[in-house]
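Participant: First, the structure itself, so that you have it in front of you.
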Amino acid sequence: MFVRLFRGSLFLGLALAATGCGKSAPAAVVQAEPATRASMTAEAFFAECIADSAEAAKKFAGGSVEVAGVVQSIEATLSGESFVSLGVPESPAGVVCYTKDKNLRGRLIPGQTVKLRGKYPETQEGVTLVECVVVEMGEHGAIVRTAETLADEFGSDKLARERLADRYMVVTGVISGRTGGDENEPIHLVLAGGKGVRIDCGFSPFDRGGSQDLKPGRTVRVVGKFWADETSDECICLRMCSIAADEL
């Protein structure tokens, strides 16, 4: 009996040795996050890059940079890559931060204070960071309404259009209709406001902000800019829209 067990153990050990089983698995290689080279305001980062680009490359290349500032605009490239511009008085473009976040419009709103962490690019065009992530967000300051309360507000306040002009809004409502969605065609989601008023939410064809798969009957929260020029008594228009993230 003992011999039989011994032989079985021996054969098992040889088999494990031959296949490599029983050995410690090689440790997984974990790629370390690049060290943070600096944490500063967008204005300070912009000033250093403009003052001496070669020196800035030496200082920031190969690591992460954190920049804090006020969101000036949120856009997307033709390929769908989102970027946020942090305002700098000396430059209309500011500090441009590219990100892989597909719903950046749904998380940030112009005028909001934010801190971003990104990498200094190998080649600078203007003053930019790439592969950025959101580190901290301040209060967004957008107007928050349901589709019904927004419709009521316009019905009872004749100055609402002027008062809300160019303001960003977060509106919750039920999708009653949808148009567009073909290549290079904007998507429009229509929210039921009641009393014959609808909320028309227009999404960019290059930055559809999570609107692609949404269908009538679903409740959504949309963030967008109130567009006074296209708003009428029957239709309240929001443009540059995205599906609002949970943190808004």
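The values are calculated or read from the model by the stated rules, or taken from the named source; none is laboratory data. Please read these numbers as outputs of a predicted model, since none were measured by experiment. No Cβ is skipped: glycine too gets one built from the backbone with ideal geometry, and neighbour counts run over all protein chains shown.
Participant: Check A76, A68, A57, A42 and return the single one that is over 23 Å from S242 (Cβ atoms) and outside the structural domain of Y168 (by TED's automatic domain parsing).
Facilitator: A57
Participant: Condition first: part of a loop (DSSP other than H, G, I, E, B), farther than 23 Å from I236 by Cβ, of a type in the set (D, E, K, R) and not assigned by TED's automatic domain parsing to the domain that holds G196. Can you find one or more residues in segment 109-119 that meet it?
Facilitator: Scanning segment 109-119 turns up no residue that is part of a loop (DSSP other than H, G, I, E, B), farther than 23 Å from I236 by Cβ, of a type in the set (D, E, K, R) and not assigned by TED's automatic domain parsing to the domain that holds G196.
Per-residue answers, yes or no, for (1) free of Cβ contacts under 8 Å to residues at least 60 places away in the same chain; (2) surrounded by fewer than 23 Cβ atoms within 10 Å (Cβ to Cβ); (3) among the small types (G, A, S):
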residue	(1), (2), (3)
G63	yes, yes, yes
G69	yes, no, yes
T77	no, yes, no
V84	yes, no, no
P89	yes, yes, no
K100	yes, yes, no
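Participant: Restricting attention to segment 160-209, which residues are more than 20 Å from E81 (Cβ to Cβ) and in contact (Cβ under 8 Å) with a residue 60 or more places away in the chain?
Facilitator: Within segment 160-209, R161, E162, L164, A165, D166, M169, V170, V171 meet the criteria.
Participant: Could you give me the residue pairs with C-beta distances under 7 Å whose first residue belongs to segment 218-236 and is free of Cβ contacts under 8 Å to residues at least 24 places away in the same chain and on the phi > 0 side of the Ramachandran plot, whose second residue is part of a loop (DSSP other than H, G, I, E, B) and surrounded by 21 or more Cβ atoms within 10 Å (Cβ to Cβ) wherever it lies, and which are 6+ apart or on separate chains?
Facilitator: Pairs found: none.
Participant: Might you check whether a residue that is under 23 Å from E230 (Cβ atoms), over 19 Å from the mean Cα position of the chain (by Cα) and surrounded by 18 or more Cβ atoms within 10 Å (Cβ to Cβ) occurs anywhere in segment 128-145?
Facilitator: Checking segment 128-145: at least one residue is under 23 Å from E230 (Cβ atoms), over 19 Å from the mean Cα position of the chain (by Cα) and surrounded by 18 or more Cβ atoms within 10 Å (Cβ to Cβ).
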